[in-house]
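The next block holds one structure in the form of structure tokens; read it before the comments.
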Amino acid sequence: MLGINLRRSNKKPFFALCAFVAILFLSGQIKTPIGNIQDSLEGERVWTKGRRKAGSHTHARYGLRVLAEQHKAEQLEQHIYRNDGLLQVNPNGPHPIFELIKRAQTSWDRKLERASTTLQEAVDEYYHRYERLPPRGFDDWWAYVQEHNVQLPDEYDQIFNDLEPFWGMNPKELQKIQRDWEAHADSFTVGKDMFDEPLSLKNYTFPSKDIGPNGLAKGAYEIMELLKDVERSIPSFRAVFSPHDNPNLHTDYELRTQALKAAKKGTFIDIDNPPKAKAVGWLSACSPESAARNQHINWGGEPFRLPRLTSKTFIHDHHKSMNPCEHPSHFLLHGQFISHGKGPVAHRTLIPQFSYGPTVVHHDITPAMPINWMEDIYPREDDPDWEDRGDARLQWRGSNTGIWHDVGLRWDLAQRARLVRWAGDGRELEDDSLAFLGLASNITVLMPAEKGKKVGRGMQAQKVRWAPAMVDAAFAGQPANCAPEMCKKLGKIFEYRQRQEMRTAGNYRYYIDVDGNGWSSRFKRLITSQALVFKSTLYPEWYMDRVAPWVHYVPVQVDLSDLWDALAFFRGDPLGNGAHEDMARSIAEAGREWSKTFWRKEDMTAYMFRLFLEYSRVMDPDRLSLSFEGVKPSAGRAGRRYTWQIAKDYDEDEDGSSSDSDFYP
């Protein structure tokens, strides 16, 4: 009996093995061996795919291969999409960048498909989103949009978010606040006193030598030039601008919330009785439920890593990821905040001032400024095609701006110093406790993975081996923003290289864009190139509603903790292994096309045209009579309010009658 069994088992051992493995698999008793068998049959599928009639031997192997692949795919788990704008990586899921790109592309395509194509649709969408009629002149604005082929005519939520709190304030009081603010140090005022007059520089508070087009008032002349074709369609207004890179209107969360609630109800806040001032600095701009208000912040020191941050993360919502209230480490890792320690006391009223680059914790109004704007990179030879760019390293050159460098300030944690440290310079500052920021000698990199395979937890690598092959980022010129002794120290810590001409920079396939003293004005040039742009910023700009991260550029966290992972995914390891350069090239091409289509001067004109239509209305005591009524909203798209609501809790005029400013749509 024993001899018979042996002879039978030797006759068809493969069938017996397959049957045994299949039984164990279907019963759930084995998992890992399937993966081993799948690997051993890696070439078998190719050999047998077209030869199923060759015999049962082939059928069994091919069937087992398919079964193994299906089982492996079923084991991939989902990543976590957090409310703070970050995706938390599940090591048992696929590489998240595949998923992030696909989701972003789908969302972008849907946004393009649902864009309004007629004035009626635009009015309907406006009323649906904002629950009030568009401003007077909306038809003129729409005519400009149509004539100049401005894309995504509905995507102006930034304007709504900036101006909505002022709807909760009495416009007469707003005008007084604005007039008083014209005397604020270092400011200029642009506007017009009559409907049919051109825009002009109305006021300024800096030396007369700076009022020319090349001085501090330069922005005023750029605005006037941008709007010269539409200025006579904009009602009268006066707009105060800060000429500096940084915003200066720190927000009180409670005050802003009160104003938003009043705006929604159609009432006004009492500006003479603001919420009690809180001595919590920057945190006064944050919700009591926010992470910043519920975590210990090591002011003046280094951030510590929370337990949940042991997992790798990527950005899925770039705007949310910029919010320091939900990402408290921003307060410790960016010159915008480090320079002011715990932060100033928030303003006791909301001030209608425009600044070039507000953050989420400021209430400055965001304009579309043409600073350093360019139509294209000329000569075109300085911007080679992707395949003609011979350097696959990540490139950056810049000054050590963004913070004053001095003893007692953690300038070494500011954005630009961290970037060059991340790239391997300033090795004497390496700190193993900051390894999660890439500021130690060893780094952990989430390696590229094929679709359908688990991404894992990352591998340890020596930065000294990776950085020279993958990154070319350094300070350029001479140390700046520092006292003489500190400048000497910086010159010893960091290697200051020569600045690169555009022709030289055009040889790189990958660029990184980071903030300087404020928002980065070089982004327009970078995204217009045929290289892939990685962007890390604290400042949401005017086009945020009109661009798609992961479709047009690669978003990077302020702390740069995901930069090695993202770079390795696209260009591969130091030897290029695992690269997804086809995907990198696609994003680079899409970014350039976006810049040429969505960031033209006509697009900035359309933004500023609409912004000043909205601003002139909210600032006017007759704001309720300044709506566009040429096209009525369709019932199916209308918002919740169809009629003006009376602000019953506001004082009447001296004659006992309610003024126009006591009503709200």
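A few comments on the model shown:
- Loop-located trypsin sites (Lys or Arg not before Pro) in the stretch 336-428 whose Cβ has at most 11 other Cβ within 10 Å (DSSP): none
- 18 Å cut-off, amide nitrogen to a point 7 angstrom out along R499 Cα→Cβ, residues in the stretch 518-558: 518, 520-526
- The aspartates and glutamates whose alpha-carbon is closer than 14 Å to the alpha-carbon of K632, local same-chain residues fewer than 8 away aside, are E121, D124, E125, E131, D139.
- Approximating the spin labels as points 7 Å out from Cα along Cα→Cβ, the K601-to-E113 distance works out to 3.6 nm.
- Stretched out straight at 0.36 nm per residue, the stretch from H128 to S627 would grow longer than its current Cα-Cα span by 178.1 nm.
- Rounded to the nearest 20 debye, the dipole size of the stretch 370-603 about its Cα centre is 280 debye, using +1 on the Cβ of Lys and Arg and -1 on the Cβ of Asp and Glu.
- Between N372 and Q78, the contour length at 0.36 nm per residue exceeds the alpha carbon distance by 101.6 nm.
- Qualifying chymotrypsin sites (Phe, Trp or Tyr not before Pro) for the stretch 487-529 [loop in DSSP, other Cβ within 10 Å: at most 15]: none
- Distance (nanometres) between label positions extended 7 Å along Cα→Cβ at N442 and N298: 2.0 nm
- What the stretch 370-603 shows is 38 Å² of accessible area per residue, with the surface traced by a 1.4 Å probe over protein heavy atoms.
- Within the accessible surface of the stretch 370-603, defined with a 1.4 Å probe on protein heavy atoms only, the carbon and sulfur portion equals 46 percent.
- Checked against a 32 Å cut-off, the cross-linked pairs K209/K524; K488/K596; K176/K278; K176/K264 give Cα-Cα distances beyond that limit for K488/K596.
- For the pair the stretch 454-532 / the stretch 79-101, the C-alpha centres are spaced 27 Å from each other.
- At most 14 other Cβ within 10 Å, DSSP loop - GluC sites (Glu not before Pro), the stretch 325-406: E375
The values are calculated or read from the model by the stated rules, or taken from the named source; none is laboratory data. Since the model is a prediction, treat every value here as computed from it, not as a measurement. Neighbour counts run over all protein chains shown; Cβ positions are idealised from the backbone, glycine included. Remember, those area values only see protein heavy atoms, side chains included, never the ligands or the DNA or RNA. Shrake-Rupley method; radii C 1.70, N 1.55, O 1.52, S 1.80 Å.
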